[in-house]
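Peer 1: Sharing a structure here in structure tokens format.
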Amino acid sequence: MNFYLTRVIDLIDERRGRMIAARLNLGYTGMLGILVESKSQRLISAVKPLLDALINQAGFWVAEPLYKRVLQLVDEN
């Protein structure tokens, strides 16, 4: 199977897109997962400033417990 058909990155973090990917047995990664993985791969130096910009400037909504958990995962608490 083609590599591009085995992995879907759900950049818009949309519920419908995730449901379709799951129904097709395709993997997906949401925005928070992309930020965490980007730091893990040393593509970015910090998640918090980017996450805060998404929330404050782009209207991205993240529940407070999830926000804290993401920062814990990347050692930025």
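The values are calculated or read from the model by the stated rules, or taken from the named source; none is laboratory data. Source: prediction; values computed, not measured. Note: ideal-geometry Cβ built from the backbone for every residue, glycine included; neighbour counts use all protein chains shown.
Peer 1: Collect the residues in region 40-54 that are at pLDDT below 95 and touching a Phe, Trp or Tyr at 6+ places or on another chain (Cβ under 8 Å), keeping them in residue-number order.
Peer 2: Scanning region 40-54 gives a single hit, LEU54.
Peer 1: Shifting gears a bit: Of the conditions (1) within 14 Å of the chain's Cα centre (by Cα); (2) of a type in the set (Asp, Glu); (3) at pLDDT 80 or above, GLU14 clears all except one; give me its number.
Peer 2: Looking at each condition in turn, GLU14 falls short on (3).
Peer 1: Further question: Find the residue count for region 26-60, including only residues that are closer than 15 Å to ASP75 by Cα, outside any helix (DSSP H, G or I) and under 9 Å from the mean Cα position of the chain (by Cα).
Peer 2: 0
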